[in-house]
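The values are calculated or read from the model by the stated rules, or taken from the named source; none is laboratory data. Since the model is a prediction, treat every value here as computed from it, not as a measurement. Neighbour counts run over all protein chains shown; Cβ positions are idealised from the backbone, glycine included. The accessibility values were calculated without ligands, DNA or RNA, using every heavy atom of the protein model including side chains. Shrake-Rupley method; radii C 1.70, N 1.55, O 1.52, S 1.80 Å.
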Amino acid sequence: DGSRLTLQAKSPLLLVLKEIVPVRRGDARTQPPILVSQNYYRLDEPYRFEGSQRFDAFITDEFLVDVAYGCRVVVTNPSSSPRELDLLLQIPSGAIPVKHGFFTRGRRARLDAFATTSIDYAFYFPATGVSQHYPVHVTSGGELVAFAAPSTLGVVAEPSEIDRTSWQYVSQNGTEEQVFAYLETANLQRTDLGKIAWRMRDQAVFTKVLERVSRR
């Protein structure tokens, strides 16, 4: 009946109510600061390597249709006082959650003094276009204490620039010689050889790959 609901229970039950309500901005003079960041990455290539050093391969330009992405939210308490926080998380507009993900979710987080926590969630875009992403918002005691910058994400069918040296490209689109050359120099401990499983139906390719992998 409008916003009213009458529920006749046939057995004992527990009723939990959640709602999204406006909050006021916390006073920086009374609320210790909270630092928050939000970054995106491909689930199949979350890192890049320079020599033996690993870096996060965060995406700042365009997103591809039907590719699974992760979003990493990092919250830091730079003060000497523990904090009880509530995080409001959402995936970008037009996206579909994956890996047991969600469209919108609230998370509780307790941060000890000088502590940091991270939350990752995953999604993909089923169609091209422009997607708005409402960023993570952090509240404490019903007051807004921090939030990440809002994002506008461009989703395309084909990348405007292709990294032809990446294993993702070489394994799927490179020539056989490019694959062999990659296997001669790459760190095989962090190379997903499963990406070239489809090439193994060719006995000659299988033999040459096996020779290189065995030798290294």
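Tabulated results
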| item | result |
| --- | --- |
| Tabulated pairs, region 192-205, first closer than 10 Å to SER171 by Cα, second open to solvent by 60 Å² or more (accessible area, probe 1.4 Å), C-beta under 9 angstrom, 6+ apart or interchain | ASP192/ASP44; LYS195/ASP44; LYS195/GLN172; ILE196/GLN172; TRP198/GLN172; ARG199/GLU176; ARG199/PHE206 |
| Tally, over region 143-191, of residues that are surrounded by 10 or more Cβ atoms within 10 Å (Cβ to Cβ), in a loop (DSSP other than H, G, I, E, B) and either in contact (Cβ under 8 Å) with a residue 24 or more places away in the chain or in contact with a Phe, Trp or Tyr (Cβ under 9 Å, 6 or more places away or on another chain) (or both) | 11 |
| Hey, LEU88 closer than 17 Å to LEU111 by Cα, over 11 Å from the mean Cα position of the chain (by Cα) and in contact (Cβ under 8 Å) with a residue 60 or more places away in the chain or not | yes |
| Residue tally, condition of a type in the set (S, T, N, Q) and farther than 23 Å from SER214 by Cβ, over region 153-193 | 6 |
| Some residue of region 55-64 being in contact (Cβ under 8 Å) with a residue 24 or more places away in the chain, open to solvent by less than 60 Å² (accessible area, probe 1.4 Å), of a type in the set (Val, Ile, Thr) and part of a strand (DSSP E or B) | no |
| Selection within region 79-92 - out of contact with any Phe, Trp or Tyr (no Cβ under 8 Å at 6 or more places or on another chain) and assigned to a loop (DSSP other than H, G, I, E, B) | SER81, PRO82 |
| Unique residue being part of a strand (DSSP E or B), in contact with a strand residue (DSSP E or B) (Cβ under 9 Å, 6 or more places away or on another chain), among the β-branched types (Val, Ile, Thr) and at negative phi when the list is VAL36, VAL67 | VAL36 |
| Top-ranked residue of region 35-59 - restricted to ones that are at pLDDT 85 or above and farther than 27 Å from HIS100 by Cβ, ranked as farthest from the chain's Cα centre (by Cα) | LEU35 |
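Every residue, every condition in (1) buried (at least 19 other Cβ atoms within 10 Å of the Cβ); (2) of a type in the set (A, V, I, L, M); (3) part of a loop (DSSP other than H, G, I, E, B), yes or no:
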position: PHE102; (1), (2), (3): no, no, yes
position: ARG105; (1), (2), (3): no, no, no
position: ARG108; (1), (2), (3): no, no, no
position: PHE114; (1), (2), (3): no, no, yes
position: THR117; (1), (2), (3): no, no, no
position: ASP120; (1), (2), (3): no, no, no
position: ALA127; (1), (2), (3): no, yes, yes
position: GLN132; (1), (2), (3): no, no, no
position: VAL138; (1), (2), (3): yes, yes, no
